[in-house]
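The values are calculated or read from the model by the stated rules, or taken from the named source; none is laboratory data. Model, not experiment: these values are computed from the prediction. Cβ coordinates were reconstructed from backbone atoms using ideal geometry, including for glycine residues, and neighbour counts include every protein chain displayed.
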Amino acid sequence: MIISEQKSKEEILRDLDGKTRLFLVGCAACATACKAGGEEEIFQMQEWLLSEGREVTGSVVIDEACHIMRAGRDLRQHRDQVGEAEALLVLACGAGIQSISASTDHRVIGGLNSLFLGNIRRFGQYEEKCSLCGDCILNETAGICPVTNCAKGLLNGPCGGMEEGRCEADRELDCAWRLIFERLKKQGRKGVFRRPVPAKNWGKVRKPGRHRIR
């Protein structure tokens, strides 16, 4: 899921400069799970905006704000309220903000910062495990991504700064390569240690990314 957090109130006010009538958009998926843009956060944002002298013409929480067609459909269902607004304040990730932007001619203002693709450790605790690099080597690294979990993104084993199994960059973290080695050892496999791994081919990460299921 996409991990996000709300921008500071100061930044939101700066971006809202000159806009007094607003329509609010939230996301029922990732932003809700992150407590950044669900029903509760939309209500809180509305109360805060009213206290700042703004008018809220209406709101909607879209099932997945990143779904372009669904975003367009839900906005059409609120066309009168959207039409009364001077801008839309969107509490969703960057993908959601762009879906809304593609569905309206109104000014769209993002209220969240997208942080990373995250795994859920437990409610409210998220960890980055994948960098979406387009060239996955998890089959050789026992399901642990060194591109993301190693602070230096090393592909051929630990750096010289690893000490007692801890990461040089953050001593609170286990060295990703020690974890890879120990898991491969338990599985009776050599995995990535069978061969030198070439430098990462970042050219496989096509920007902007496109994928169609045929």
Checklist entry - Would you say GLU127 is touching a Lys or Arg at 6+ places or on another chain (Cβ under 9 Å), charged (D, E, K, R) and not assigned by TED's automatic domain parsing to the domain that holds ILE68? => result yes
Item to check | Tally, over the range 95-127, of residues that are outside any loop (DSSP other than H, G, I, E, B) and either touching a residue at least 60 places away in the same chain (Cβ under 8 Å) or closer than 21 Å to GLN46 by Cα (or both) | outcome: 18
Checklist entry - If you scan the range 79-100, which residues turn out to be surrounded by 18 or more Cβ atoms within 10 Å (Cβ to Cβ) and among the small types (Gly, Ala, Ser)? => result ALA85, ALA87, ALA92, GLY96, SER99
Checklist entry - Counting only residues that are crowded, with 16+ Cβ neighbours inside 10 Å and of a type in the set (A, V, I, L, M, F, W, C), how many does the range 117-128 have? => result 1
Checklist entry - Mind checking which pairs have a first residue in the range 181-202 that is farther than 21 Å from MET162 by Cα and a second that is at pLDDT below 95 and exposed (fewer than 13 other Cβ atoms within 10 Å of the Cβ), Cβ under 9 Å, 6 or more apart or different chains? => result LYS200/ASP135; ASN201/ASP135; TRP202/ASP135
Item to check | Subset of the range 129-152 [within 22 Å of GLU5 (Cβ to Cβ) and either in contact (Cβ under 8 Å) with a residue 60 or more places away in the chain or surrounded by fewer than 14 Cβ atoms within 10 Å (Cβ to Cβ) (or both)] | outcome: LEU132
Item to check | Selection count where residues are of a type outside the set (Val, Ile, Thr) and in contact with a strand residue (DSSP E or B) (Cβ under 9 Å, 6 or more places away or on another chain), scope the range 129-153 | outcome: 5
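Residues checked against (1) surrounded by 13 or more Cβ atoms within 10 Å (Cβ to Cβ); (2) within 20 Å of GLU127 (Cβ to Cβ); (3) not basic (Lys, Arg):
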position: LEU154; (1), (2), (3): yes, yes, yes
position: GLY157; (1), (2), (3): yes, no, yes
position: GLU172; (1), (2), (3): no, yes, yes
position: ARG194; (1), (2), (3): no, no, no
position: VAL197; (1), (2), (3): yes, no, yes
position: ASN201; (1), (2), (3): no, no, yes
position: ARG206; (1), (2), (3): no, no, no
position: GLY209; (1), (2), (3): no, no, yes
position: ILE213; (1), (2), (3): no, no, yes
Next on the checklist: Given the criterion at pLDDT below 85 and closer than 14 Å to ILE137 by Cα, identify the matching residue among LYS190, LYS204.
Outcome noted: LYS204
